[in-house]
Structure formats: C-alpha cells, structure tokens
C-alpha cells in the first residue's frame, strides 16, 4: 500500500484533470469528491476511477467543460441536462437546485440525464441534510445495464442502481443510508482485483451464470447478483424501481432503449422536514429513536449497534487526521497518467509512505 495525505491526493487529481484541459471549477469539484471518498474509506468511488474518467474524455463520451442546463422547470420540479459533463458537476448543480426548490415549495424533485458517473450518491444526500432537509435519491445508468443480473437470471440487465436516504440529525452528520441495490458496488470488485483479493460468495456470477469469487470474472462478462442473497428478489425490486425513478422519469435512456452512452440518470427528492415540525423537535424525536435502538441487547458485546450514517460520521471526523491508503496497483496507474501528461514531477513533492503512520 501507498499512504498519502488527503490534500495531496486531491492535488494530484486536480493536476491531472487540469492537464486534461478540464476547467478549474470542474476539476476542483471532481478532485475534491474523489479524494474525499478515499479519505472516508469509500475507495470504490475514489481515485481508482480517475483513469476511467480520463479515458472517457479521450473517447469523447465525457465533455469536460460542458455546463449543466435546465430543460424543464416548475416551482417544485426540474429536469437537468448534464450535456455529458462530469456527473459530480451535474449532481452538485441538481442538489443545490433541489435544496432551493424544497426550501420554497416544501418538496422538490429534480431529474438528471446525459451525465457521466456522479460518484458517491451519499455525498449529495449529506449535502441536502446539511441544509436541514431530508432526501431520497435514485440513480440508474441510462439503460446500459452491464452490471447486475435480475433475480433468477444469468445475464446483466441492470446497473448497480444505488439508492440513498438522508435526514438531518447532528450538526454536520445526518442519518444516511447509501447503498447499491446489487450485492456490492462494482467499484468494490475492482478494489478487490487491485488488492489481489477474492470476492465474498454471493457477490458475482461468471459469464456462464455460475457463482464465482474471482474478480477477473467480472471483466470477462460476469454479473453482480442482487442485494439480499437468497432473498435477492428484494434487491432486484429496488434496482428495478431505481431504473423507473432514475431513468424513466429523466427520459435519459432506459433498459431496452439505452442512451447513446452510459449515463448516471438520476432523480433527487428533497423534503423540507420543518413543514411537519420544528427541526429541533424532529432531532429530539430522532435521538429518542437512536437511544432506544442502541439499547437493544447485543449479540456480540464488541459490536455495538450503529444508526444509519454513524460510520460515515466517524469517518468524516477522522478524515483530516489519517493518511489515505491506496493499493500500489492503483497508485501506479495514477503515476502512469501523470507521466502521460508530463507532470510526474509532482510525485517528488508528495509525502509518500508505505506505512499508515510513518515515524
């Protein structure tokens, strides 16, 4: 493993994106998002994706400096065309719009189409909660279902189709649920591959529809199984509903009639919870719920019950104090991109280590 500080990793990403002629504003949004995900431990949505983003720019499926635009709007709804730029840029724009509309109308629904990978869905849910609102978010893939197999099938027809919920709680850290509707996010398979690790049973089937724990099978035509194992029909149902809310409502391509390129079609719903009760009263009630749940007798005394979002809250508090660990294979690919743009000299200025806490 290679360890470095979060601000150094963010700067590396920023320098690469700027070298790829990405505007300063877009580059800052994307590099901050990737580095933060690594810092929080969400490595599947971190710098491991940067090489893919650069490749999409070169192929013309990602227009790096395009700006999202509104194509349809009412007092509480909007449709955003991402114009094929970075998903993080489009989703940030849509999140701010959803917040503004919900604060005015009480609730808002903002759909997105024609955008590339938006990253970690939960980061936008956190942003809504920080504004004192609740959120429900659906993300799909514009009909390019090359990841998840429908329950009972042997070939991929759906994306990982994540769903997220947030609700304001503590000052900075909300209740948060953010998860793929497949057994695992596709990026986690790639992380296991980079680390030379086998997958957990129940994550993947190979191209012949047989269970496998080899991450290479994913790249050889395999497919992720739905969330839930033997109860996978529930994860499949969630994935299907994400396709309806994320892709059908956005009109950005659907399974069976996909968009011209892979697109993180999505729908963000923001709710002004203070239309129901004062925020402090809602937080007090939520805290009563937390205390009651945490008072449950434990199956294992060493593993306390956590509320949804508690791990993320803990990670946020530690993020600025810990070094980020990257697989050497991932770091080597980053350095390779630096060399391609002749900016590998930046590596000499970094405080790199093979230890998490160098002396």
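The values are calculated or read from the model by the stated rules, or taken from the named source; none is laboratory data. All values derive from a computational prediction rather than experimental measurement. For neighbour counting, all protein chains shown are included, and Cβ atoms are generated from backbone atoms with ideal geometry for every residue, glycine included.
Within the range 132-143, the only residue that satisfies the criterion of being surrounded by fewer than 24 Cβ atoms within 10 Å (Cβ to Cβ), outside any strand (DSSP E or B) and either touching a strand residue (DSSP E or B) at 6+ places or on another chain (Cβ under 7 Å) or free of Cβ contacts under 8 Å to residues at least 40 places away in the same chain (or both) is 143. Only a single criterion out of (1) under 17 Å from residue 336 (Cα atoms); (2) surrounded by fewer than 21 Cβ atoms within 10 Å (Cβ to Cβ); (3) touching a residue at least 12 places away in the same chain (Cβ under 8 Å) is not satisfied by residue 12, namely (2).
Hey, which of the helices (runs of 4 or more DSSP H) in the range 144-242, taking only ones fully inside, have at least 2 residues that are in contact (Cβ under 8 Å) with a residue 60 or more places away in the chain, surrounded by 21 or more Cβ atoms within 10 Å (Cβ to Cβ) and in contact with a strand residue (DSSP E or B) (Cβ under 7 Å, 6 or more places away or on another chain)? It would help to see each step written out before you state the result.
On the way: elements: 186-194, 216-219, 232-242.
Once the helices (runs of 4 or more DSSP H) in the range 144-242 are filtered for at least 2 residues that are in contact (Cβ under 8 Å) with a residue 60 or more places away in the chain, surrounded by 21 or more Cβ atoms within 10 Å (Cβ to Cβ) and in contact with a strand residue (DSSP E or B) (Cβ under 7 Å, 6 or more places away or on another chain), what remains is 232-242.
Being touching a strand residue (DSSP E or B) at 6+ places or on another chain (Cβ under 7 Å), buried (at least 19 other Cβ atoms within 10 Å of the Cβ) and at pLDDT below 95 is a description that does not apply to residue 40. Set side by side, the residues 85, 61, 77 differ, and just one is touching a strand residue (DSSP E or B) at 6+ places or on another chain (Cβ under 6 Å) and more than 30 Å from residue 311 (Cβ to Cβ), which is 77.
Here are 277, 261: which of them is in contact with a helix residue (DSSP H, G or I) (Cβ under 9 Å, 6 or more places away or on another chain), surrounded by fewer than 17 Cβ atoms within 10 Å (Cβ to Cβ), part of a loop (DSSP other than H, G, I, E, B) and modelled with pLDDT of 95 or more?
On the way: 261 fails: modelled with pLDDT of 95 or more.
That would be 277, the only listed residue that is in contact with a helix residue (DSSP H, G or I) (Cβ under 9 Å, 6 or more places away or on another chain), surrounded by fewer than 17 Cβ atoms within 10 Å (Cβ to Cβ), part of a loop (DSSP other than H, G, I, E, B) and modelled with pLDDT of 95 or more.
Restricting attention to the range 1-55, the residues that are in contact with a helix residue (DSSP H, G or I) (Cβ under 6 Å, 6 or more places away or on another chain), assigned to a loop (DSSP other than H, G, I, E, B) and under 18 Å from residue 324 (Cβ atoms) add up to 3.
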